[in-house]
Each structure stands twice: as structure tokens, then as C-alpha cells.
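What follows is a structure written as C-alpha cells; I'll ask about it next.
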Amino acid sequence: MQLIDTHVHVNFDVFQEDLILLQKRWQEAGVVHLVHSCVEPTEFGSIQAIADKFSELSFAVGLHPLDCEKWTSQTAERILELAKSDPRVVAIGEMGLDLYKADNYEQQQKVLQAQLEIARQLDKPVIIHCRDAAAPLRELFENFWRERGPVRGVMHCWGGTPEETKWFLDLGFYISFSGIVTFKNARQIKESACLVPSDRLLIETDCPFLAPVPKRGKRNEPSYVRYVAEYLASLRQTSLESLARETTNNACQLFQLSLG
Ligand code: NI
């Protein structure tokens, strides 16, 4: 069985001591590939260094909405250069809107549009972070698709309602579920996870955050994507093997990965 964890942050300090052990455990769990997300372009070197050690890593470059005050007149050019500089870059992001704690909506919008434009130019998928922002995000995408053309991508660590899920499926997005789908009170997210077609479904850990049940509250790590897969398989009344095959195919399709 082959699983792909489509969203990790293993460059964070909490993993510094035991990356080799982490790899041993993800290999035992059946994880054959990981897509490393990027919160800000200054992380690029640290992510590349990890990918040099672990051949099963691809990665993204972009600026997270909660860091959008770091955007300068040079940032777009920088992201574009970095994305072109390394063939292991498979996506632009993470980018998006986060209106849960931020009040800088206009700046977030501007930074998101600029990154969508980079992805469009490079014909690369986008990794989208959406928190308390589904309606404005949908509107922004609809406008962008109309004015500039569609971009493909994934709604990562998805936490939306069934209705919101349909909006983003209609816009062509893949939907990726993390450990939060396993949480007891996540009723809406479980409903959403049941309605995503098998050819649009992805899985992720978003580690080190949001460890799935039965590891909830602990440091999350790529091997735990197996718990997400097992949970989704039972929720969707399918086998773990089918769910693994479908989500792995989808990740390969979206990020244009070829498994070694
Ligand atoms: Ni992330």
C-alpha cells in the first residue's frame, strides 16, 4: 500500500532531532512520498536541505496569509525565481485567506492574487489555506478564473461545510483532509469528506499540527497520515487499500509526481 502525505512542515524545529526516525516510521506506515509546504520563501533553503536527505520529498514555495505583512515589492519575483530554480518544486503555496484572527483582509487578498498569477504563469498547482474565509475566497477565485483563467490546486486541511465543499469542487479543486476529520466534534467536516468524489480526494497530516485520533494532542508526524487514511476509508465505506490507491493517484495527478 502506498500513501502520500500531501502537506507537511518537517523543517520546523520540533523535528530537528529525529528526522531519520521519522522517515523510518513513515516508511513503515506505507508513506512513499511527501509534499512539503512553505510558509514563507525564507524557508526555501531549509526545505531543500531536507529534500536533499530524503528523496521522497517534493515541495512548494509561497507565503502564508498570516505572514502576508512580509510581502514586499520583490516577493513575487523571488517566489518565481525559487520555483524555477529547482525541479522538486511541485506547487506554489501555501497561500490563501485566514480571517479567523487576522484583520488585514485587503493585504491578504493582494498577496493571494499575486501568487495565483505566479502559479498560472508557471502552470503549477496552488496549495490553499482557508480559515473562516470560504465565501470571500470563492468570490476571489471566481473573479480570478474569469479575468485571468483557472488555476488548479488543493484546499488543504479542509474544514468547510458540505455546501462550501461543493463550491470549491465546482471551481476544480482537490480537497485534502487532515487529522481534524477524525475529531469527535467535527461533524460537518465528516459530512464534507463523504461527498468529495474519489478522484478529488487527498490526505495530509499538516504536521506538526493537528495530530489525528488516536494521537490527538501529540506532535503530529507524516506516519500518522495512515490514521487519516484509515478513518476516511471507514467513513466513506471503502477499503484502506482503495482509499490509498485513489488518494495516491490523485496526488500524483495534481502535483505531477512520478513515484520512483
Ligand atoms: Ni501548512
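Taking only segment 195-212 into account, find how many residues are surrounded by fewer than 24 Cβ atoms within 10 Å (Cβ to Cβ) and in a strand (DSSP E or B).
1
Report yes if Val154 is touching a His at 6+ places or on another chain (Cβ under 9 Å) and of a type in the set (A, V, I, L, M), otherwise no.
yes
Quick test of your reading of the structure: Lys215 fulfils all but one of (1) crowded, with 21+ Cβ neighbours inside 10 Å; (2) in a loop (DSSP other than H, G, I, E, B). Name the failing condition by number.
Checking Lys215 against (1) crowded, with 21+ Cβ neighbours inside 10 Å; (2) in a loop (DSSP other than H, G, I, E, B), the one that fails is (1).
Just one of (1) assigned to a loop (DSSP other than H, G, I, E, B); (2) of a type outside the set (Ser, Thr, Tyr); (3) in contact (Cβ under 8 Å) with a residue 40 or more places away in the chain trips up Gln115, so point out which.
Failed condition: (1).
Can you find a residue that is surrounded by fewer than 17 Cβ atoms within 10 Å (Cβ to Cβ), within 30 Å of Gln109 (Cβ to Cβ), touching a helix residue (DSSP H, G or I) at 6+ places or on another chain (Cβ under 6 Å) and not aromatic (Phe, Trp, Tyr) anywhere in segment 78-95?
Yes, there is a match, as at least one residue in segment 78-95 is surrounded by fewer than 17 Cβ atoms within 10 Å (Cβ to Cβ), within 30 Å of Gln109 (Cβ to Cβ), touching a helix residue (DSSP H, G or I) at 6+ places or on another chain (Cβ under 6 Å) and not aromatic (Phe, Trp, Tyr).
Looking at (1) without any contact (Cβ under 8 Å) to a residue 40 or more places away in the chain; (2) closer than 27 Å to Lys124 by Cα; (3) among the aliphatic types (A, V, I, L, M), can you tell me which one Ala186 breaks?
For Ala186, the failing item is (2).
If I ask for residues that are closer than 18 Å to Trp158 by Cα and surrounded by 16 or more Cβ atoms within 10 Å (Cβ to Cβ), which ones from segment 96-111 would you list?
Passing the criteria: Gly96, Leu97, Asp98, Leu99.
Another question, then. Which condition does Glu28 not pass, out of (1) away from the ligand (no atom under 16 Å from the Cβ); (2) touching a Ser or Thr at 6+ places or on another chain (Cβ under 6 Å); (3) under 20 Å from Arg219 (Cβ atoms), if it passes all the others?
Exception for Glu28: condition (2).
What are the pairs, 6+ residues apart or on separate chains, where a residue within segment 1-29 that is among the aromatic types (Phe, Trp, Tyr) has its Cβ under 7 Å from a residue that is more than 16 Å from the ligand (Cβ to nearest atom)?
Phe15/Leu22; Trp26/Ser223
So, one more: Report yes if Glu221 is away from the ligand (no atom under 16 Å from the Cβ), touching a residue at least 12 places away in the same chain (Cβ under 8 Å), within 21 Å of Val31 (Cα to Cα) and of a type outside the set (A, V, I, L, M, F, W, C), otherwise no.
No, not satisfied.
Do the conditions hold for Gln2, that is, is it more than 16 Å from the ligand (Cβ to nearest atom), closer than 24 Å to Thr248 by Cβ and surrounded by fewer than 24 Cβ atoms within 10 Å (Cβ to Cβ)?
yes
Going through Ile47, Ile79, Ile20 one at a time, which residue ends up being within 14 Å of the ligand (Cβ to nearest atom) and out of contact with any Asp or Glu (no Cβ under 9 Å at 6 or more places or on another chain)? So that I can check it myself, show each step before the final result.
Working: Ile79 fails: within 14 Å of the ligand (Cβ to nearest atom); Ile20 fails: within 14 Å of the ligand (Cβ to nearest atom).
Among Ile47, Ile79, Ile20, only Ile47 is within 14 Å of the ligand (Cβ to nearest atom) and out of contact with any Asp or Glu (no Cβ under 9 Å at 6 or more places or on another chain).
Just one of Gly172, Gly149, Gly153, Gly159 is under 25 Å from Lys110 (Cα atoms) and free of Cβ contacts under 8 Å to residues at least 24 places away in the same chain; which is it?
Among Gly172, Gly149, Gly153, Gly159, only Gly172 is under 25 Å from Lys110 (Cα atoms) and free of Cβ contacts under 8 Å to residues at least 24 places away in the same chain.
Any chance segment 170-180 includes a residue that's over 19 Å from Pro65 (Cα atoms), among the β-branched types (Val, Ile, Thr), in a helix (DSSP H, G or I) and out of contact with any His (no Cβ under 8 Å at 6 or more places or on another chain)?
yes
Shifting gears a bit: Going through segment 58-76 one residue at a time, which ones are of a type outside the set (Val, Ile, Thr), more than 15 Å from the ligand (Cβ to nearest atom) and free of Cβ contacts under 8 Å to residues at least 40 places away in the same chain? Walk me through how you get there before you give the answer.
Start the filter on segment 58-76 by keeping residues that are of a type outside the set (Val, Ile, Thr), which leaves 58-60, 62-71, 73-74, 76.
Those left that are additionally more than 15 Å from the ligand (Cβ to nearest atom): 69-71, 73-74, 76.
Answer for segment 58-76, where residues must be of a type outside the set (Val, Ile, Thr), more than 15 Å from the ligand (Cβ to nearest atom) and free of Cβ contacts under 8 Å to residues at least 40 places away in the same chain: Glu69, Lys70, Ser73, Gln74.
Considering only residues that are among the small types (Gly, Ala, Ser) and assigned to a strand (DSSP E or B), look in segment 81-112 and name the one that is nearest to Leu259 (Cα to Cα).
Ala91
Bear in mind that the values in this text are calculations on the coordinates, not laboratory data. Everything numeric in this text was worked out from a predicted model, so none of it was measured. Here the Cβ is made from the backbone with ideal geometry for all residues, glycine too, and neighbour counts use every protein chain on show.
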